[in-house]
1. Give me Rg/Rg_expected for region 248-328, where Rg uses Cα atoms only and Rg_expected = 2.2 N^0.38 Å with N residues.
2. With label points built 7 Å along Cα→Cβ from the Cα atoms of residue 249 and residue 346, find their separation and express it in nm.
3. If packing is taken as the mean number of other Cβ atoms within 10 Å per residue, what is the order of 185-198, 136-149, highest first?
4. Between residue 239 and residue 21, what is 0.36 nm times their sequence separation minus the Cα-Cα distance? Round to one decimal in nm.
5. How compact is the chain by the rule of thumb for globular proteins, expressed as Cα Rg over 2.2 N^0.38 Å?
6. Quick one: which of 257-264, 35-42 comes out on top by average Cβ neighbours within 10 Å, and what's the full order, highest first?
7. Using +1 on the beta carbon of Lys and Arg, -1 on that of Asp and Glu, and nothing else charged, what's the dipole of region 219-277 about the Cα centre, debye to 20?
8. Under a straight-distance cross-link criterion of Cα-Cα below 14 Å, which aspartates and glutamates are reachable from residue 325, leaving out those fewer than 8 residues away in the same chain?
Amino acid sequence: MALDLIADSFLPNLDLMIPKEEQMPKLEGLRKLSEIYFEELFNNKDSEEEIPADSKLAAKKALKYYHDVLKRDRSQIIKQMVEEVENIYNTYLKLILLLKEINSTAVWDEQRRLLETDIKTSRLANNQVLAALSSLPALEVEAIRKDIRWDDEEQNIIRKLFRDAILPDPEFQAYLRTTKHTFEEDLKLVQYLLKTFVLKHHLIADYFEEKDLNWGENKDVLKSMTTKTFKVTEGQQLELQPLAMNWEDDKIYYVDLFNQTLDNDQAYEKIIMSQTANWEADRLASTDMIILKMALAEMINFPSIPVKVTINEFIELAKNYSTPKSGQFINGILDVLSTKLINDGIIRKSGRGLIDNK
């Protein structure tokens, strides 16, 4: 886009009396010189040849445009990154609300039937855990604040789930045949509904996969959050799980790590390549290079995080997101680089960051 801007600066002036064809050789020359000068500015190199003022001006404008767009794009990416993480909490709320909707659907199911049967689905409304959930003020407040709900169209999914999967389930039917239950029995059923239908059934999985591109990545976190919600011994203990113990601090770290990695991209690549002398940069798996740069950013710029913690975290990232051999490769490179950078005084730890560095 910056080079296109340079090209636009040297288009023929159709208002002149000089034919376009006669203007082109000079304009083409100025354009090429401007591109050369832009390349030198971009790489922080001094020009060794005389560059006309028009070419210089066009190159400087293009470079400013490039940096302005880059800054705008980075801000947008950071905003999207944070939103994607915070959306995990929104999905968590929707999963918890799904249990409430199943409860309401059970009452609706009994009312819609014309013939009396021994399956009293409305008895689910007496479940002590679901009753505590329905009266949980925090859930209502968060649902309203974030506008999280199952709308009328989505109710069809819940009703299909209830009719086709939950209602025929032997364990659910056995629960309905008993009039009164202990809190432990009620809790056991809710945990069963959560595990078997809310988190695993294909209707719900298909719904969230369509709505959220990151469902596959986030479902383990969501499973942990929802499961912890119902690790209680009485209804009064029921409370919503936070996205993190201290998300506001985590968010600062998250954005700072992203910025530090990008701001020092070339410097970190140089450090990495010094340890991989037999490799060309483009021969390294791109994901491995990104992981190594992020690891260096954390080791160098976050003094309270022990080096060994950083290495272990990024080994796990490599195992999950890169090649089968990447974990071992990342481990070897970071182990050597961390020792060298500590000896050179580039990595300096303090507080808790010193724990594993003795």
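The values are calculated or read from the model by the stated rules, or taken from the named source; none is laboratory data. Here the structure is a predicted model, which is why all the values come from computation and not from measurement. Neighbour counts run over all protein chains shown; Cβ positions are idealised from the backbone, glycine included. Note: areas computed on protein heavy atoms with side chains; ligands, DNA, RNA excluded. Shrake-Rupley method; radii C 1.70, N 1.55, O 1.52, S 1.80 Å.
1. On the way: Rg = 12.7 Å, N = 81, 2.2 N^0.38 = 11.7 Å.
Taking N as the residue count of region 248-328, the ratio is 1.09.
2. Calculated label separation equals 2.9 nm.
3. Put in order of decreasing packing, that is 185-198, 136-149.
4. On the way: separation 218, 0.36 × 218 = 78.48 nm, distance 7.58 nm.
Using 0.36 nm per residue and subtracting the Cα-Cα distance, I get 70.9 nm.
5. On the way: Rg = 30.0 Å, N = 358, 2.2 N^0.38 = 20.6 Å.
The value comes to 1.46.
6. Working: 257-264: 16.0, 35-42: 17.9.
So the order, starting with the most tightly packed, is 35-42, 257-264.
7. 340 debye
8. 288, 316
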